[in-house]
Amino acid sequence: MKVGVYLPQAGPGASAEQVARVAQCVEEQGYDSLWVYDHVVLRPDQGSDYPYSEDGRFLIPPDVAFLEPLTLLTYAAAVTKRVELGTAVLVAPMRAPVLHAKIMATLDHLAGGRLVLGAGVGWWKEEFEALSMPFDRRGARMNEYLQVLRDLWENEIGSFEGEFYNTKGWYSRPQPPRRVPILLGGNNPRQLRRAGRYADGYLANPAMLDTLDQDWGAVKAEAEANGRDPLQLTLGINRITVLSEDTIDESAQALGAMKSRGFDFAIANLHPAADAEAVLSEFAEKHLAELQSG
C-alpha cells in the first residue's frame, strides 16, 4: 500500500518554510505522495452543513490563512522530484474547467508528470455562490467537466461539445506528460456511478468505511457496465489517521488496517503542532516499509 501525507495548508504552520520542510522530508523518508484539499473562501455563518462531521460544522476555523491547493502543489513540486502530488479532493464544479485544465496541465508539466487529481462535486452552496458558479446541476456539469479534462489533456485538438462546455477546435498546451489519474470522492449513488464511468479510482474517507464494500462494489459494477476493467481501478482513503509524537504506533495500526481492507493507498494528516520532520522520520523508520510491502 502506498502512503501519502497532507501538506500544511491552513493556519500559521502553512508557511513557505514549513511547506518546503514537510515536502522534502516526505520525499526523503520514502513516502509516496503529498496531498492538499480544497476551499477558496470560508465564513463563520456557514449555511450548508458539512456532510462528514457529526454537527455539520466544517473543521477549519473560517478566519485562518488557507492556501489555494493547486498553487500549493506547484510550490511543493518545485522543492521535490519524486513524490506524487495529489488533491483530496478538488471541488471541480466550482472551478472553471478549461482554465483549470490549463492550470493543472501546467503544474504537471513543471512537476514532470506527478499530478493525481482527486475530485468531488462539493457540498457548500454558499461557496459556489461566492465564486459565481452555479450549484444546481453540479453533478451533470461534473460529468462534462471530467470529459473536458480528458479532451484537452489527451486529444490533439479539443473535440468535446456538451450542454455546459465546448472545447471543440481549441488547443491547450502543454498537455500533461502522462495520463493524469483521476479519483472521485463521495458516496452519493450518482457519484459512485460517475467514478465507475469516468475515473481511475475511488477515494473514500473514514465516514464511509461502514458502507465501503457496497460503495466500492457499485463503482466496479458501473465500470464493467461501461466496458472498463474494474481491476484497473485504484482504491484510496484519506484522513484515516493523524501523525504526531504520541500516535506513531497507533497511526501505523490504523494504516495497517486499511492495507488489510484492500486499499491501494492511504493519506495521513500531520498534527499541526507536531515536530513534522521528527514525526515523519520516526514513523518511516519504524513502520513505513512494512506498510508499503506486498
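The values are calculated or read from the model by the stated rules, or taken from the named source; none is laboratory data. Because the structure is a prediction, the values reported are computed rather than measured. Every residue, glycine as well, gets a Cβ built from its backbone with ideal geometry; the counts of neighbours run over all protein chains shown.
Working carefully through the options L42, L34, find the one that is within 22 Å of N238 (Cα to Cα), assigned to a loop (DSSP other than H, G, I, E, B) and among the aliphatic types (A, V, I, L, M).
L42
Which ones in region 232-250 are part of a helix (DSSP H, G or I) and either within 21 Å of the chain's Cα centre (by Cα) or on the phi > 0 side of the Ramachandran plot (or both)?
Q232
Please state which one of G227, G186 is modelled with pLDDT under 95 and at positive phi.
G186
Please work out which residue is farthest from A140 (Cα to Cα), limiting yourself to region 155-203 and to residues that are more than 17 Å from the chain's Cα centre (by Cα) and aromatic (F, W, Y).
Y171
Taking A274 as the residue in question, decide whether it is more than 19 Å from W35 (Cα to Cα) and among the aliphatic types (A, V, I, L, M).
no
Pick from V36, V3, V22: which is surrounded by 18 or more Cβ atoms within 10 Å (Cβ to Cβ), in contact (Cβ under 8 Å) with a residue 24 or more places away in the chain, over 16 Å from the mean Cα position of the chain (by Cα) and within 18 Å of I267 (Cβ to Cβ)?
Residue meeting the stated conditions: V22.
Which members of region 258-285 meet the condition of being part of a helix (DSSP H, G or I), within 20 Å of the chain's Cα centre (by Cα) and of a type in the set (D, E, K, R)?
Passing the criteria: only K259.
Name the one entry in R194, R228, R179, R173 that is assigned to a helix (DSSP H, G or I) and not aliphatic (A, V, I, L, M).
Answer to the selection: R194.
Do the conditions hold for A65, that is, is it of a type in the set (G, A, S) and surrounded by 15 or more Cβ atoms within 10 Å (Cβ to Cβ)?
So A65 does not fit the description; no.
So the check is Cβ under 7 Å with 6+ separation or different chains; which pairs have a first residue in region 53-79 that's modelled with pLDDT of 90 or more and a second one that's among the aromatic types (F, W, Y) and in a helix (DSSP H, G or I)?
Close Cβ pairs (under 7 Å, with a partner that is among the aromatic types (F, W, Y) and in a helix (DSSP H, G or I)) do not exist here.
Just one of L288, L255 is part of a helix (DSSP H, G or I), more than 19 Å from the chain's Cα centre (by Cα) and among the hydrophobic types (A, V, I, L, M, F, W, C); which is it?
L288
I'd like to verify a number: residues in region 96-110 that are under 15 Å from L72 (Cβ atoms) and within 17 Å of the chain's Cα centre (by Cα), how many?
5
Have a look at G196, G201, G256 and point out the one that is modelled with pLDDT of 95 or more, surrounded by 17 or more Cβ atoms within 10 Å (Cβ to Cβ) and within 30 Å of P272 (Cα to Cα).
Only one candidate qualifies: G201.
Can we say H100 is at negative phi, touching a helix residue (DSSP H, G or I) at 6+ places or on another chain (Cβ under 9 Å) and either surrounded by 14 or more Cβ atoms within 10 Å (Cβ to Cβ) or touching a residue at least 24 places away in the same chain (Cβ under 8 Å) (or both)?
In short, yes.
Taking region 111-127 on its own, how many of its residues are under 19 Å from the mean Cα position of the chain (by Cα) and not in a loop (DSSP other than H, G, I, E, B)?
Selection size over region 111-127: 8.
Residues to consider are Y145, Y165; find the one that is over 27 Å from N205 (Cα atoms), of a type in the set (F, W, Y), surrounded by 15 or more Cβ atoms within 10 Å (Cβ to Cβ) and in contact with a Pro (Cβ under 7 Å, 6 or more places away or on another chain).
So the residue among Y145, Y165 that is over 27 Å from N205 (Cα atoms), of a type in the set (F, W, Y), surrounded by 15 or more Cβ atoms within 10 Å (Cβ to Cβ) and in contact with a Pro (Cβ under 7 Å, 6 or more places away or on another chain) is Y165.
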